[in-house]
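Working notes for the structure below.
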Amino acid sequence: MKLLTAIQKVFPEHPNKCDNSHLKLLYSDNAYPETKEEVVYRKNGKSVDKIIEIDIKTGSRVKTTHYDYFNDKKIRSIDEYDRKTGKKLRTINYVLYKSVDEYDPQTGKKLRTINFNVKDETKISSIQEYDLATGKIITISIYKRDGKTVSIIKKIDPVTEKVTSWVNNKNYEYKPVSAPSKVMTRSYDNIKVIEPKEKENIAQLIDKLYSNQLKFENI
């Protein structure tokens, strides 16, 4: 009887009095699940395209897991969202190699991309930082084989997309030297302008020549 009494306390006879007591045993501090899942299938109705995780209280999207087109057991990428605003915070990609895109929670624009080593996804290979105004890359940090030490940091102009400087791990800064522009000289740039007084003297000289007042041999 003691055993039966214990069972009845956990599972009451009347379902309307149950109050989902057995669910409370599955979670710590008697807490219910905070999210629910929505499964989206592909057109064939069999393979899973993505699973959307939604916050039960707010109804906003928390996480979306995308699966590989040819193998729905393999994760392609995961999008994570802010619970309050619903804006994307980051995307974890698993195609070819692991990378993480981080986004600005206010504008939704990409802040940076962390690329991991192809052979060891725990080691960082490079980090790309983006300009919020243009969306272009402005900084590239290249890491050494240990995945922790920065080897080179490149600064890029977001407008011209050219490298403006780079710093190695010894804090030596280098700046590209631009080639001097080719100076084009026009033929008429070297012509000397004749002063008005000199023009007047030449005019008088020509008049005297034509009036036979001056001989060429006396010039």
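Listing for the model above:
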read-out	value
In the range 97-139, residue surrounded by the most Cβ atoms within 10 Å (Cβ to Cβ) [restricted to those that are closer than 18 Å to Asp79 by Cβ and of a type in the set (Lys, Arg)]	Lys110
Given (1) within 27 Å of Lys136 (Cβ to Cβ); (2) in contact with a Ser or Thr (Cβ under 6 Å, 6 or more places away or on another chain); (3) of a type outside the set (Gly, Ala, Ser), number of the condition Lys110 does not satisfy	(2)
Residue within the range 66-74 that is assigned to a strand (DSSP E or B), within 27 Å of Glu121 (Cβ to Cβ) and at pLDDT 95 or above present	yes
Filter result (under 12 Å from Asp131 (Cβ atoms) and basic (Lys, Arg)) within the range 105-119	Lys109, Lys110, Arg112
Filter pass, Lys63 being at pLDDT 90 or above and touching a Phe, Trp or Tyr at 6+ places or on another chain (Cβ under 9 Å)	yes
Residue among Asn218, Asn212, Asn190 that alone is surrounded by fewer than 10 Cβ atoms within 10 Å (Cβ to Cβ), on the phi > 0 side of the Ramachandran plot and at pLDDT below 90	Asn212
Residue match in the range 122-131 (condition: at pLDDT below 90 and over 18 Å from the mean Cα position of the chain (by Cα))	no
Residues being buried (at least 16 other Cβ atoms within 10 Å of the Cβ) and farther than 16 Å from Asn93 by Cα - total across the range 55-69	3
Test for Val118: is it in a loop (DSSP other than H, G, I, E, B), among the aliphatic types (A, V, I, L, M) and under 28 Å from Val40 (Cα atoms)	no
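The values are calculated or read from the model by the stated rules, or taken from the named source; none is laboratory data. Keep in mind it's a predicted model, so treat the numbers as computed, not measured. Note that each Cβ is placed from the backbone with ideal geometry, even for glycine, and that neighbours are counted across all protein chains shown.
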